[in-house]
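*Asks:* Okay, handing you the structure first.
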Amino acid sequence: MAAESEHGLPARLSALDTAVNGGTTPPGEATWEDGHARWELYRRAAEQPAAHALLLDAVRAETDGPLASAVVVLMLEKTPVAAHSSWTAALDPEVRDFAERRSRELAVLESLDRSAPDCDREAVGAWSDWLQLRVAGSRAESHRPVLELLAEHGRTKRIRRTAAGSLAGIGNA
């Protein structure tokens, strides 16, 4: 990513590998030139909260923009919204848009979970398919007003059907 950090990627990957695998990976076994190998290391690191700081450091040095973006989006799901900016800021601006949009969508989800939703048809209609489907799958009683909107006005049949199923599940609970 950033020119100053490109040369530090192998060292950062090595430190991350040691933290994630406990130093059990034999030297030379990991081929960090392979994006698939790096993704597997990043994915394993995402599952270990103790490795998150090293993972963020590696993402800052990652030279493959789409790979770095995928890691950040994965981590946005695992971190509080208040911490999202440190993850999205790790990306170069040319690959940051999707991660920033996902962060905003996750903030909407978090706000729905904190309080009764105050959404109208226009606001819900502006949501991405991903966000509509994610909310449609919720069975929280507090989401009932949004689920009703999605069951009637969701962008796709799948969203409308999922929201209707969630409403039915709430009614039977």
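The values are calculated or read from the model by the stated rules, or taken from the named source; none is laboratory data. Bear in mind that the values here come from a model prediction, so they are computed numbers and not experimental data. Heads up, the Cβs are rebuilt from the backbone with ideal geometry, glycines too, and the neighbour counts pull from every protein chain shown. Each accessible area value is taken on the protein alone, full model and side chains, heavy atoms only, with ligands, DNA and RNA left out. Shrake-Rupley method; radii C 1.70, N 1.55, O 1.52, S 1.80 Å.
*Asks:* Pick out the one residue from Val95, Val135, Val108 that is open to solvent by less than 70 Å² (accessible area, probe 1.4 Å) and more than 24 Å from Ile170 (Cα to Cα).
*Replies:* Val95
*Asks:* I've got another one for you. Any residue in segment 141-161 that is of a type in the set (Lys, Arg), part of a helix (DSSP H, G or I) and either buried (at least 19 other Cβ atoms within 10 Å of the Cβ) or at pLDDT below 95 (or both)?
*Replies:* Yes: segment 141-161 contains one or more residues that are of a type in the set (Lys, Arg), part of a helix (DSSP H, G or I) and either buried (at least 19 other Cβ atoms within 10 Å of the Cβ) or at pLDDT below 95 (or both).
*Asks:* In segment 111-132, what residues are out of contact with any Gly (no Cβ under 6 Å at 6 or more places or on another chain), outside any loop (DSSP other than H, G, I, E, B) and buried (at least 16 other Cβ atoms within 10 Å of the Cβ)?
*Replies:* Answer for segment 111-132, where residues must be out of contact with any Gly (no Cβ under 6 Å at 6 or more places or on another chain), outside any loop (DSSP other than H, G, I, E, B) and buried (at least 16 other Cβ atoms within 10 Å of the Cβ): Leu112, Val124, Leu131.
*Asks:* Something else: Considering each of Glu152, Glu122 in turn, give the residue that is over 30 Å from Ala37 (Cα atoms) and in contact with a Lys or Arg (Cβ under 8 Å, 6 or more places away or on another chain).
*Replies:* Glu152
*Asks:* Return the residue satisfying two criteria in turn: it lies in segment 11-61 and is at pLDDT 95 or above and outside any helix (DSSP H, G or I), and of such residues it is least open to solvent (accessible area, probe 1.4 Å).
*Replies:* Gln48
*Asks:* Answer yes or no as to whether Ala68 is modelled with pLDDT under 95 and part of a helix (DSSP H, G or I).
*Replies:* Against the criterion (modelled with pLDDT under 95 and part of a helix (DSSP H, G or I)), Ala68 does not qualify.
*Asks:* Related question: Can you tell me which residue is modelled with the highest pLDDT among those in segment 71-83 that are open to solvent by 10 Å² or more (accessible area, probe 1.4 Å) and farther than 12 Å from Val95 by Cα?
*Replies:* Looking at the filtered set, the residue picked out is Leu74.
*Asks:* Any residue in segment 124-151 that's closer than 27 Å to Phe98 by Cβ: show its pairings with residues that are open to solvent by 50 Å² or more (accessible area, probe 1.4 Å) and not in a helix (DSSP H, G or I) at Cβ separation under 6 Å, as long as the two are six or more apart or on different chains.
*Replies:* Listed by first residue and then by second, the contacts come to Asp129/Arg155; Gln132/Arg155.
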